[in-house]
1. Tell me yes or no: at least one residue of segment 113-120 is farther than 23 Å from D182 by Cβ and either small (G, A, S) or modelled with pLDDT under 90 (or both).
2. Criterion first (touching a Pro at 6+ places or on another chain (Cβ under 9 Å), crowded, with 17+ Cβ neighbours inside 10 Å and of a type in the set (A, V, I, L, M, F, W, C)) does A57 satisfy it?
3. Give segment 17-31 a look and list any residue that's closer than 21 Å to I172 by Cβ and either surrounded by 12 or more Cβ atoms within 10 Å (Cβ to Cβ) or among the basic types (K, R) (or both), or say none.
4. Name the residues in segment 101-156 that are touching a Cys at 6+ places or on another chain (Cβ under 8 Å) and of a type outside the set (S, T, N, Q), would you?
5. List every residue pair whose Cβ atoms sit under 6 Å apart, with the two residues 6 or more apart in sequence or on different chains, where the first one lies in segment 117-131 and is among the charged types (D, E, K, R) and the second, anywhere, is outside any strand (DSSP E or B) and buried (at least 16 other Cβ atoms within 10 Å of the Cβ).
6. Which condition does F114 not pass, out of (1) in a loop (DSSP other than H, G, I, E, B); (2) within 21 Å of S2 (Cβ to Cβ), if it passes all the others?
7. Taking F79 as meeting all but one of (1) without any contact (Cβ under 8 Å) to a residue 24 or more places away in the chain; (2) within 28 Å of D159 (Cβ to Cβ), write down the number of the exception.
Amino acid sequence: MSRLTIYRDDTADNLILDTEDGRLIAETLRPLNVRFERWQAPVTPAKDASPEEILEAYRPYLDGLMGETGAGSADVVRFDRNTPQIAAMREKYLSEHTHSEDEVRFFVHGQGAFILHLQGKVYSILCVQGDLISVPEGTPHWFDAGHNPDVVALRVFTDTTGWVADYTGDEIARRFPVVIPDLAA
């Protein structure tokens, strides 16, 4: 289930909010210009569906989203514990960074947490199958899909070079461990 947990950024012991209410998650993130939605597609493609099948299944949503945002392309990303270099990939994502364009993800299968560092707070947003999140450009954040990842997601780009991470050098991600439920359990 989707979940938003907010802490003060000085310590993970200072919990401000913990909710699984999708409407409250969206309302809480809206003032930060973070978009959070649940998409209900008529058909959810199989986890091993081709990228073309996945893109086609979500085409009406993608066309609307890309029209609103001016994004020019979408693709499918997959990773799991068998992905080559997965440990190094996870480590890279766990470092706080920003991007020069919005980071837009839709979770077709699996789950992952986007953790934002804004206004003296840490916002941990666990996204699951059916969740769309758009993190605004320039927002300090990191991402974790856990030690046993199993993710299929749509990525939406204005310019694919905009996703290049600009690392902040802040070690805050080390102080705020994220608990990702193990889907294999």
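1. Kept after step one, since they are farther than 23 Å from D182 by Cβ, are these residues of segment 113-120: 116-120.
Filter once more, so that each one left must be either small (G, A, S) or modelled with pLDDT under 90 (or both): 120.
Yes - at least one qualifying residue is present in segment 113-120.
2. Numbers: touching a Pro at 6+ places or on another chain (Cβ under 9 Å): yes; crowded, with 17+ Cβ neighbours inside 10 Å: yes; of a type in the set (A, V, I, L, M, F, W, C): yes.
When the stated conditions are applied, A57 passes them.
3. Result: L17, T28, L29.
4. Step one: filter segment 101-156 for residues touching a Cys at 6+ places or on another chain (Cβ under 8 Å), giving 105, 107, 111-114, 133.
Those that are touching a Cys at 6+ places or on another chain (Cβ under 8 Å) and of a type outside the set (S, T, N, Q): R105, F107, G112, A113, F114, I133.
5. K121/D9; D131/S2
6. (1)
7. Here F79 meets the rest and fails (1).
One line per residue, one yes/no per condition, for (1) at pLDDT 90 or above; (2) outside any loop (DSSP other than H, G, I, E, B):
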{"residue": "E91", "(1), (2)": "no, yes"}
{"residue": "S100", "(1), (2)": "yes, no"}
{"residue": "F106", "(1), (2)": "yes, yes"}
{"residue": "V122", "(1), (2)": "yes, yes"}
{"residue": "S134", "(1), (2)": "yes, yes"}
{"residue": "R155", "(1), (2)": "yes, yes"}
{"residue": "P181", "(1), (2)": "no, no"}
{"residue": "A185", "(1), (2)": "no, no"}
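The values are calculated or read from the model by the stated rules, or taken from the named source; none is laboratory data. Model, not experiment: these values are computed from the prediction. A quick note on method: Cβ atoms are made from the backbone with ideal geometry, for glycine too, and the neighbour counts reach across all protein chains shown.
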